[in-house]
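Notes follow once the structure below has been shown.
Nothing in this text is a laboratory measurement; each read-out follows from the coordinates by a stated rule. What you see is a predicted model; the values in this text were computed from it and never measured. Here Cβ is always computed from backbone atoms with ideal geometry, including for glycine, and neighbour counts include all displayed protein chains.
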Amino acid sequence: MISFDEAQALLAGAVRPLGTEVLPLGAVAGRVLARPVRAALASPRRDVSAMDGYALRSVDAAVGARLALVGQSAAGGMPPPPVGPGQTVRVFTGAAVPEGADLVVIQENCETEDGAVIIARLFGTGTHIRLQGSDFAAGAELLPAGRRLDPLAMVTLAASDSAEATVFCRPRVALIATGDELAAPGTARANPQAIPESVSFGVAAMIAEQGGDLVYRRSGSDDLATLTALAGEALDAADVVVITGGASVGDRDFAKPMFAAHGLEPLFAKVAIKPGKPVWLGQARGRWVLGLPGNPTSAMVTARLFLTALLAALQGRDPAALLDWTELPLAASMPPAGDRETFARMIWTATGLQPIGNQDSGVQGRLSATTWLARRLKDAPAASVGERVSALRFG
Ligand SMILES: Nc1nc2c(c(=O)[nH]1)N[C@H]1C(S)=C(S)[C@@H](COP(=O)(O)OP(=O)(O)OC[C@H]3O[C@@H](n4cnc5c(N)ncnc54)[C@H](O)[C@@H]3O)O[C@H]1N2
Ligand code: MOO
């Protein structure tokens, strides 16, 4: 059995990004940039007012000063006239600051009278002017290749004045759940031997969150011939096949055998982690195949640890970016870790991380309460309240 770090290193070393495509801005949210984004324009494009008020020369700024109003400047409007000594121009937020002016007095501090503006009071030292290029200069690199276009990055991208972006293709994902006992949710109660097929719904949601495109989804009974046929269909349809259940050593555990006829070459099988020891990754017909254990908590923990990293790498991201461990204090003591590296399911409370209670790998009820995984290394001794542990967002 290999360690968690060894398995992650194998994944990061072997998975190459899919192709790239150029898409309009309206279609790239959630995608990963394949080329850096540079600014076509400076921001602001020119010196602009940060407030609604009056632009003037700071040497004229004195309480009681009476200034001649010589024009106005609105965002998107024509350039304003220059401001000379004793003069002022009405300015609005985002509008160009007139030549000659180096201060905006907000309108709440001014009074108007017969075409003149009187400064009633002055407050603070700010000029209320955003200088040209103070946000970014024309030509500056605003977003690097590999950056996921999250909501904030979308603003930066559009501000660069790009109409389109070069992004990595979305991985097409096939998902197969195996197990004779599995029934579509809503139908299990009618068959005493059935349980609701829950895992694929969580995995499908995670695939969507991580930018994957779920193109094929099936549930298969524990019959090798049927499953081998499904494996072939899935490999035809997708870049990645995720298979849940049947990963262990039982006589009816067919997850790997069903890909054998398609030339499966394992990258790793079995990782010394708890939960999720039977997780495996391989390639068949040039596609990636990820096997997740059937136990629902094990499946979701291994999806968080390996599926997110796999989808990130296929989309040109550093998979390590998905494993952003944070050191957080424990709100409750924890027992020794045992002989497998453990990813305990935790809740964040006001005083720190608290185990969810039932740490069984079959848990489905309290799974949704979980917000963090706490990483405990193999043979780690008991940990006491207040001690910091490595934690990863989960859920
Ligand atoms: N003799 C051994 N037995 C087991 C070992 C072992 O090393 N030796 N490993 C255990 C570990 S650890 C895990 S984890 C499980 C994983 O087994 P499988 O991947 O083969 O999972 P299944 O047997 O198919 O199912 C386990 C459990 O989860 C339920 N399940 C499966 N799929 C779903 C689904 N899509 N939705 C809801 N529930 C699902 C299934 O009914 C079982 O109860 O193996 C241990 N055994
Ligand atoms: O690896 Mo299993 O998830 O411990 O039951």
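In region 350-395, the residue that is farthest from residue 208 (Cα to Cα) out of those that are polar (S, T, N, Q) and touching a Pro at 6+ places or on another chain (Cβ under 7 Å) is 361. Taking (1) within 16 Å of ligand 2 (Cβ to nearest atom); (2) under 18 Å from residue 43 (Cα atoms) in turn, residue 143 satisfies each apart from (1).
The residues in region 372-387 that are over 14 Å from residue 337 (Cβ atoms) and surrounded by 14 or more Cβ atoms within 10 Å (Cβ to Cβ) can be counted, and the count is 1.
For region 335-354, the set of residues classified as under 25 Å from the mean Cα position of the chain (by Cα), within 16 Å of ligand 2 (Cβ to nearest atom) and farther than 20 Å from residue 270 by Cα consists of 345 only. Can you tell me which residue is surrounded by the fewest Cβ atoms within 10 Å (Cβ to Cβ) among those in region 349-371 that are within 18 Å of residue 323 (Cβ to Cβ) and touching a Gly at 6+ places or on another chain (Cβ under 8 Å)? Only one residue fits best here, namely 371.
Summed over region 349-376, residues that are assigned to a loop (DSSP other than H, G, I, E, B), closer than 19 Å to residue 297 by Cα and of a type outside the set (D, E, K, R) total 11. Just checking, does region 304-318 include any residue being touching a strand residue (DSSP E or B) at 6+ places or on another chain (Cβ under 8 Å), within 14 Å of ligand 1 (Cβ to nearest atom) and aliphatic (A, V, I, L, M)? Yes, region 304-318 has at least one match.
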